[in-house]
Structures are given as C-alpha cells and as structure tokens.
1. Of the numbered conditions (1) surrounded by 10 or more Cβ atoms within 10 Å (Cβ to Cβ); (2) in a helix (DSSP H, G or I); (3) of a type outside the set (Val, Ile, Thr); (4) at pLDDT 55 or above, TYR90 satisfies every one except a single condition; which is it?
2. Looking at PRO219 and the list (1) more than 16 Å from ARG117 (Cβ to Cβ); (2) surrounded by fewer than 20 Cβ atoms within 10 Å (Cβ to Cβ); (3) not hydrophobic (A, V, I, L, M, F, W, C), which single condition is not satisfied?
3. Is there a residue being assigned to a loop (DSSP other than H, G, I, E, B) and touching a Ser or Thr at 6+ places or on another chain (Cβ under 9 Å) anywhere in segment 187-199?
4. For segment 142-149, does any single residue satisfy the condition of being in a strand (DSSP E or B) and either in the same structural domain as PRO202 (by TED's automatic domain parsing) or at pLDDT below 85 (or both)?
5. Quick check, is ALA246 surrounded by 10 or more Cβ atoms within 10 Å (Cβ to Cβ), free of Cβ contacts under 8 Å to residues at least 40 places away in the same chain, under 25 Å from SER134 (Cα atoms) and out of contact with any Phe, Trp or Tyr (no Cβ under 6 Å at 6 or more places or on another chain)?
6. Mind checking whether some residue in segment 203-215 is in a helix (DSSP H, G or I) and among the β-branched types (Val, Ile, Thr)?
7. Given LEU181, LEU160, which one is free of Cβ contacts under 8 Å to residues at least 60 places away in the same chain and farther than 30 Å from GLY88 by Cα?
8. When you check TYR269 against the structure, is it part of a helix (DSSP H, G or I), hydroxyl-bearing (Ser, Thr, Tyr) and either more than 30 Å from the chain's Cα centre (by Cα) or surrounded by 13 or more Cβ atoms within 10 Å (Cβ to Cβ) (or both), yes or no?
Amino acid sequence: MAWNEPGGNNNDPWKNRGGRDQGPPDLDDVFKNLFGKFGKSGGGSGGSGKSLGGIGAGILIGLIVIIWAVSGFYTIREAERGVVLRFGEYAKQVEPGLRWAPTFIDRVIPVDVQSIRDQSSSGSMLTEDENVVSVQMEMQFRVVDPYRWTFAVESPETSLSQSLDSAIRYVVGHSTMDDVLTDGREVARQRVWEELQAIIEPYNMGVSIIDMNFRDARPPEQVKDAFDDAISAQEDQQRFIREAEAYAREIEPRARGQVNRMNEEAQAYKERVTLEAQGEVARFESLLPQYEKAPVVTRERIYIETMEEVLSSTSKILVDSKGGNNMMYLPLDKIMERQQGSSTPRSRSTLEGLQMPVADEGQNSRNSSSTSGVRGDSYREGR
C-alpha cells in the first residue's frame with residue numbers, strides 16, 4: 001500500500017520515525033540554544049541562563065561594533081592630502097580635516113603636498129676633455145599629485161635620485177672641466193635642470209622641481225694647488241675688468257658732459273657772432289642814407305663815438321680847451337673809481353643821433369671848421 005493511501009498506517013515519510021508528530025524547528029529555539037552555550041553560569045540551566053547568555057552576547061557584539069566604528073576616524077593635516085584605497089584599489093582623494101573610513105575596508109595614505117623636499121647626488125665624474133671632477137648637486141621638489149606620487153612608480157624618491165644622478169653625469173660628460181669648475185656653473189645647473197625634467201616627464205610621478213643648487217665642484221687632489229692658482233688668476237682678471245668698466249662708467253658721463261658743454265658754447269658763440277655781424281650790417285645799412293645826406297657830419301660823429309669807446313677803457317684823460325694855455329686839474333683816482341663802480345651808458349647811439357633833423361649844409365660846414373676842442377664840447381653838449 002502506498003504511503004498516501006487511506007488506512008491509517010501512518011506511512012508519511014516526512015513524519016518523525018520515533019512516533020512523535022513534530023514540525024519544523026522554531027527559530028527562537030535555535031537562537032536560544034546557540035546563546036545558551038555562552039550564557040551558562042555555575043552549571044545552571046534553564047530559561048534564566050539562556051536569557052542572560054543572549055544579553056551578554058549582544059553586549060559583546062555591540063562593543064565590537066563601537067570599537068570598529070571609532071577606529072575608523074582619522075585626521076589629515078593641512079599640508080597633506082589623503083589617498084584612499086578600498087580593498088587595495090584606489091577609490092578617492094580626501095582633503096585636510098577629520099575623516100572616517102571603515103576599518104579593514106579602506107586604507108588611507110597621507111601625502112605631504114606643501115613642504116619642499118631635498119634630493120642630492122654627488123660623485124666623481126668624467127668631463128668631455130677627459131678630466132675627473134667631483135660634483136655635488138641638490139634638487140628641491142614638491143609633490144603636486146598625491147595619486148601619481150603614490151602609484152606611478154614603486155619608489156619615487158629612489159627614482160628621483162637615480163634620475164638626478166643620470167642628468168648630472170650626462171651634463172658633466174658633455175662639458176669641459178673649466179666650464180664645470182669656474183664660470184660655466186650656472187649654465188651647467190640650468191642644463192641639469194632641463195635634462196632632469198626630460199628624464200622624469202615620461203614617468204609622470206606627480207612632482208614639480210622647484211630649484212637646482214650646484215653645491216660643490218672641485219678637481220682631483222693631485223692638481224688642486226695648480227687649479228687654485230689658475231682660478232685665482234681668473235678672479236684677478238675678472239676683478240680688473242670690473243674695475244676698468246667702473247672707471248669707464250665714471251669717466252664717460254663727464255666726458256660727454258664736457259663735449260655737450262663745448263658744443264653749446266660753440267653754438268652760442270656762433271649765434272652771438274652771427275647776430276653781432278647782422279646787427280653791424282643793419283646799423284651800417286641804416287647809416288648809409290644819413291651818410292649820403294651829410295657825409296662830413298656822419299664821419300665826425302662816427303669818429304667821436306669810436307674814440308669814446310676806445311678811450312673809455314684807459315686811464316689817460318685828454319683835456320682840450322679853446323685857449324690851450326690853461327691846465328685843468330682832474331681827480332684821476334676818483335674818476336677811475338667812479339668808472340669802475342658803475343659803467344656809464346652811452347647816452348645816444350649814432351643811429352639815434354642821426355635820426356634827429358639834420359641842419360643845413362652851411363651850419364654843418366661851420367661846425368666842421370671848428371677846432372677839436374670845439375668838437376669835443378659840441379659832442380658833449382649833444383650828448
């Protein structure tokens with residue numbers, strides 16, 4: 001007979017073979033049995049022991065969760081940036097401040113992006129002219145990309161050191177010893193900088209080179225004394241050149257000033273002579289019509305003015321009188337002091353005198369026949 005046929009043989013395979021009709025196990029009973037193993041105390045058993053065991057397990061799990069949550073807090077400083085790895089894979093980049101990351105899930109790598117780091121390299125190197133020099137250079141750099149600095153290469157500082165050493169050896173190998181040890185240091189420093197940039201650019205390590213310092217370069221000890229003498233001679237040469245340039249800079253402005261002053265004086269003299277000549281020409285052109293009208297009077301007046309101009313600068317005084325017998329005493333010292341103290345202006349020029357109405361020919365003839373003393377008195381009266 002089949003198990004599902006009526007008859008009451010109880011052949012259901014899903015029923016308990018022990019004869020008891022039991023259903024599926026209760027979940028509450030399962031958890032109670034599980035927690036009861038942790039909650040047994042003093043060999044006691046029963047409902048109270050199971051209840052205490054469940055509470056203790058819950059407290060333990062809660063403490064573990066709290067410790068795990070608290071352990072996830074971390075701080076990124078102001079000068080740093082955080083690279084977050086989630087299960088070993090790059091996830092994001094965090095800024096400075098108090099942060100939280102799940103422990104055992106995320107790992108944070110802080111990277112300093114503000115401080116300037118140093119990397120130096122030194123050693124004995126062969127120059128282009130087959131001389132050995134000891135060179136020491138220092139590089140200053142800063143991290144600009146934390147992700148590239150962390151993951152671009154395995155050891156970024158070691159890679160930078162090796163790149164710097166390669167750049168220095170390349171530049172020194174293509175330079176002479178004099179260029180490396182004396183006046184070519186700045187050029188060599190710039191070339192090392194450019195070569196280092198070209199070397200690290202393909203790796204994209206996330207760094208920026210700030211400066212390159214040429215700290216030391218010296219020849220081998222065997223030729224150090226001779227080379228020091230050569231450097232001293234070169235320094236003396238440069239010092240003499242600088243002194244000569246300073247002297248030239250001091251003398252040249254004064255010489256140029258003297259040249260400009262002489263040019264200005266020559267130009268002023270030229271203009272003065274030209275203007276005086278033009279004035280004389282204009283003066284004589286103005287006298288010509290008057291001379292044509294009264295030649296005798298014009299000659300006399302020109303003669304008198306010329307003599308006055310000549311005799312005004314001499315200490316001799318001519319005294320003329322009509323009789324010719326009386327001597328007039330003149331205080332020569334007082335007259336000379338007066339002449340030196342103030343220059344006597346000419347009362348009237350020839351041109352102004354000639355602009356006055358000219359007397360008739362008879363009067364002019366009578367005046368011209370008088371003596372020199374009369375001419376002098378007439379001149380003084382006209383003046």
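The values are calculated or read from the model by the stated rules, or taken from the named source; none is laboratory data. Keep in mind that this is a model prediction, so the values were computed, not measured. Counting neighbours? That spans all protein chains shown, and the Cβs are built from the backbone with ideal geometry, glycine included.
1. (2)
2. (2)
3. Here is the first cut: in segment 187-199, the ones assigned to a loop (DSSP other than H, G, I, E, B) are none.
No, segment 187-199 contains no residue that is assigned to a loop (DSSP other than H, G, I, E, B) and touching a Ser or Thr at 6+ places or on another chain (Cβ under 9 Å).
4. In the first step, residues of segment 142-149 are kept if they are in a strand (DSSP E or B); the result is 142-143.
Cutting the leftovers down to either in the same structural domain as PRO202 (by TED's automatic domain parsing) or at pLDDT below 85 (or both) gives us 142-143.
Checked segment 142-149: at least one residue is in a strand (DSSP E or B) and either in the same structural domain as PRO202 (by TED's automatic domain parsing) or at pLDDT below 85 (or both).
5. Details: surrounded by 10 or more Cβ atoms within 10 Å (Cβ to Cβ): yes; free of Cβ contacts under 8 Å to residues at least 40 places away in the same chain: yes; under 25 Å from SER134 (Cα atoms): no; out of contact with any Phe, Trp or Tyr (no Cβ under 6 Å at 6 or more places or on another chain): yes.
Taking the combined requirement at face value, the residue does not satisfy it.
6. Narrowing segment 203-215 to residues in a helix (DSSP H, G or I): none.
No, every residue in segment 203-215 fails to be in a helix (DSSP H, G or I) and among the β-branched types (Val, Ile, Thr).
7. Numbers: LEU160 fails: farther than 30 Å from GLY88 by Cα.
Within the list LEU181, LEU160, the selection yields LEU181.
8. Details: part of a helix (DSSP H, G or I): yes; hydroxyl-bearing (Ser, Thr, Tyr): yes; either more than 30 Å from the chain's Cα centre (by Cα) or surrounded by 13 or more Cβ atoms within 10 Å (Cβ to Cβ) (or both): yes.
Spelling it out, TYR269 is indeed part of a helix (DSSP H, G or I), hydroxyl-bearing (Ser, Thr, Tyr) and either more than 30 Å from the chain's Cα centre (by Cα) or surrounded by 13 or more Cβ atoms within 10 Å (Cβ to Cβ) (or both).
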